[in-house]
Amino acid sequence: MIVLLSEGECTARDLSQMLSIREKEVYAHLSHIACSVSSQKQRLLILPSTCLSCGYVFETRKRFAKPGRCPLCKNERISEPRYRVV
Ligand SMILES: [Zn+2]
């Protein structure tokens with residue numbers, strides 16, 4: 001998974017499809033990757049989710065999973081966060 005993430009940005013859905021694992025397992029792997037790449041002077045970047053309705057950016061969010069709904073407009077159309085190893 002680290003190889004995929006260092007080649008380009010991926011969403012949890014992309015990763016689950018490419019690796020044939022469930023999204024829930026992807027999140028577990030991501031938190032492990034965040035630890036293991038930091039020892040190799042790399043970083044797991046999280047490109048935050050945004051609200052597709054009003055453009056709100058979920059920057060302060062620390063969890064990997066996609067947020068349920070927008071705190072501003074209550075819309076549930078939220079883009080998936082993307083991940084990348086740099
Ligand atoms: Zn919104």
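The values are calculated or read from the model by the stated rules, or taken from the named source; none is laboratory data. Computed from a predicted model, the values in this text were never measured in an experiment. All Cβ positions, even for glycine, are placed from backbone atoms using ideal geometry, and neighbour counts span all protein chains on display.
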Tell me which of these Cys35 doesn't satisfy, since it passes every other one: (1) of a type outside the set (Asp, Glu); (2) away from the ligand (no atom under 16 Å from the Cβ); (3) on the phi > 0 side of the Ramachandran plot. (3)
Mind checking which pairs have a first residue in the stretch 33-48 that is among the aromatic types (Phe, Trp, Tyr) and a second that is part of a helix (DSSP H, G or I), Cβ under 6 Å, 6 or more apart or different chains? none
Does at least one position in the stretch 62-74 carry a residue that is touching a strand residue (DSSP E or B) at 6+ places or on another chain (Cβ under 9 Å), under 19 Å from Glu9 (Cβ atoms), at pLDDT 90 or above and more than 9 Å from the ligand (Cβ to nearest atom)? no
What number of residues within the stretch 22-43 are closer than 16 Å to Glu80 by Cα and not acidic (Asp, Glu)? 5
Output for the stretch 42-61, where each listed residue is more than 14 Å from the ligand (Cβ to nearest atom) and polar (S, T, N, Q): Gln42, Thr60
Scan the stretch 1-26 for residues that are over 12 Å from the mean Cα position of the chain (by Cα) and acidic (Asp, Glu) and report the count. 2
